[in-house]
Amino acid sequence: MKTIIIDTNLLIDCAKFRIDIEKELTRILDFSYTIAILDRTMEELEKIATQKTKEGMAAKLAKTILMTKHITVIPTQGGYTDKRLLELADENHIIATNDKEIKQKLKQKKQPVIIIRGQQKLEMMDV
């Protein structure tokens, strides 16, 4: 079973564009998986949710959605979220992100990545 680790920006964008993450993952993946986030992702969402912007409102919605789902939280023991995501990317972990830099580094590592395509659906970018 693989683990799909969802990055903060993808969570916010899915909330902003009203994309149902679970439904989309079921549509694009033909293997069993669990959904996870890093503990720092929840911290980032809480911080962004305090802002009175569209991003803040989307972060608040993303946080609420996460609270209602059975999502594994991976401890990071400090450090940078992006660095930890890249360390976790392997044959059993797939990163879901819209972060340009992370996508580029995952491509260099020949790791698949899940992205938002056209503000309406998720797509797996294979290498």
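Coordinate-derived values only; no laboratory data. Only a predicted model underlies this, so the values are computations on that prediction, with no experimental measurement involved. For neighbour counting, all protein chains shown are included, and Cβ atoms are generated from backbone atoms with ideal geometry for every residue, glycine included.
Points to keep in mind about this one:
- Given [x] 49, 36, 21; [y] 64, 29, 24; [z] 38, 32, 27, the label whose value is Cα extents along the principal axes in Å derived from this model: [z]
- Low-density loop positions, trypsin sites (Lys or Arg not before Pro), the range 52-96 - DSSP coil, at most 15 other Cβ in 10 Å: K52, K69
- Rounded to the nearest Hz, the phi-derived 3J(HN,Hα) couplings of the range 101-110 under the Karplus curve 6.51 cos²θ - 1.76 cosθ + 1.60 (θ = phi - 60°) are 5, 5, 4, 4, 5, 5, 4, 5, 7, 6, where x marks glycine and proline.
- Close amide H contacts of I95 (hydrogens built in the peptide plane, cut-off under 5 Å, sequence separation of 5 or more or a different chain): I5, I114.
- Residue-by-residue Karplus 3J(HN,Hα) for the range 83-90, coefficients 6.51, -1.76, 1.60, Hz, glycine and proline x: 5, 5, 4, 5, 5, 7, 5, 7
- The helix-based estimate of mean residue ellipticity at 222 nm for the chain, built from -39,500 (n - 2.57) per DSSP H run of four or more residues and divided by its residue count, is -14000 deg cm²/dmol to the nearest 500.
- The chain: relative contact order in percent, alpha carbon pairs under 8 Å with at least 6 residues between: 32 percent
- Choice from D13, D30, D39 showing the highest fluctuation, given a GNM over the chain with Cα pairs closer than 10 Å: D30
- Within the range 2-125: Cβ-based charge dipole about Cα centre, in debye rounded to nearest 20 (Lys, Arg +1; Asp, Glu -1): 340 debye
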